[in-house]
Amino acid sequence: MHRRLLIGLAIALAIIIAACQGPPPTQIILVVTATPEKDNTNPTPTQETADIQAATEEPTTSPTETRTPPPTATSDGLATPTITQIQVAEQVFEHGRMFWLQPTDQVWVMVITAEGKGTWQVYTNTFKEGDPESDPDLVPPTGLEQPKRGFGKLWRDNPDIREALGWAVTPEFGYVTRYEYHPGAQPTAPGYHILFSLYNEGFRFNEADSTWQLS
């Protein structure tokens, strides 16, 4: 009898203790796996990445040929103007300017003959990497500069150009600008070009008589 009471008391205590402690905790097992490494063997960049990369890349020192889109024809057979953006370099001289056009690798020489107009000549850029960039024996007056690289080579090799332009009054600077070509009324007729300077001056270059004027 005494034994049965002890067993019953033990069972009752066990039930009370269990009720006070609540249910046993539930075990939660977290499995952490390593993030798989990207396969960079042949990465495929997104368009956004490509655009950012293109915008931050430095231009190469050697010009790369790019072709200006050819003029299209209207329904009546007349050619329409070509309007695009191109990379240029510009330098201002005492009596004119030089422009380098990246798509054609040409140097355009503008000589001022009157206010807002003058003569225009086109030359192939012959400067190559490794050529002398300037002539130390040619010392400009105070406040003026000797042109360098492609502009300088053309300026030094052509006394007539050097005499007509004088010394440079600014360094050479490059930028991207608006370019237009307006063809003539007939397929073989001369047209004209419009090029905008860094300060948004529009210059019109006439093929018919090799002149330029403010547009």
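The values are calculated or read from the model by the stated rules, or taken from the named source; none is laboratory data. As the structure is a computational prediction, the values presented were derived from the model and not from experiment. Cβ coordinates were reconstructed from backbone atoms using ideal geometry, including for glycine residues, and neighbour counts include every protein chain displayed.
Quick notes on this structure:
- Residues located in the range 99-129, provided they are closer than 15 Å to Thr177 by Cα and in contact with a helix residue (DSSP H, G or I) (Cβ under 8 Å, 6 or more places away or on another chain): Trp100
- Residue within the range 134-152 that is over 19 Å from Glu172 (Cα atoms), of a type in the set (S, T, N, Q) and at pLDDT 95 or above present: no
- Pairs linking a residue in the range 188-215 that is in contact (Cβ under 8 Å) with a residue 24 or more places away in the chain and within 14 Å of Lys117 (Cα to Cα) to a residue that is not in a strand (DSSP E or B) and not hydrophobic (A, V, I, L, M, F, W, C), with Cβ atoms under 8 Å and 6 or more positions apart or on different chains, are Phe203/Ser197; Phe203/Ser215; Asn206/Pro190; Gln213/Gly116; Leu214/Gly116; Leu214/Glu201.
- Close pairs (6 angstrom Cβ cut-off, 6 or more residues apart or separate chains): buried (at least 17 other Cβ atoms within 10 Å of the Cβ) in the range 79-92, assigned to a strand (DSSP E or B) and at pLDDT below 95 anywhere: Ala79/Ala73
- Checked against (1) farther than 19 Å from Pro81 by Cα; (2) touching a strand residue (DSSP E or B) at 6+ places or on another chain (Cβ under 9 Å); (3) of a type outside the set (Phe, Trp, Tyr), Asp137 passes all but a single condition, namely (2).
- A count restricted to the range 119-159 and to residues that are out of contact with any Phe, Trp or Tyr (no Cβ under 6 Å at 6 or more places or on another chain) and over 23 Å from Arg204 (Cα atoms) stands at 25.
- Close pairs from the range 124-152: first among the aliphatic types (A, V, I, L, M), partner surrounded by 11 or more Cβ atoms within 10 Å (Cβ to Cβ) and outside any loop (DSSP other than H, G, I, E, B), Cβ under 8 Å, at least 6 apart: Leu138/Arg156; Leu144/Ala168
- Pick from the range 139-164, criterion aliphatic (A, V, I, L, M) and surrounded by 13 or more Cβ atoms within 10 Å (Cβ to Cβ), ranking: farthest from Ser210 (Cα to Cα): Leu144
- One residue from Glu201, Glu180, Glu207 being charged (D, E, K, R) and out of contact with any Phe, Trp or Tyr (no Cβ under 9 Å at 6 or more places or on another chain): Glu201
Okay, residues lined up against (1) under 23 Å from Thr80 (Cα atoms); (2) outside any strand (DSSP E or B); (3) at pLDDT 95 or above:
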residue	(1), (2), (3)
Val122	no, no, yes
Gly130	no, yes, no
Trp155	no, yes, yes
Thr170	no, yes, yes
Tyr181	yes, no, yes
Gln186	yes, yes, no
Leu195	yes, no, yes
Leu198	no, yes, no
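- Filtered residues of the range 159-174 (kept if within 22 Å of Thr124 (Cβ to Cβ) and either free of Cβ contacts under 8 Å to residues at least 24 places away in the same chain or within 22 Å of the chain's Cα centre (by Cα) (or both)): Pro159, Asp160, Arg162, Glu163, Glu172, Phe173, Gly174
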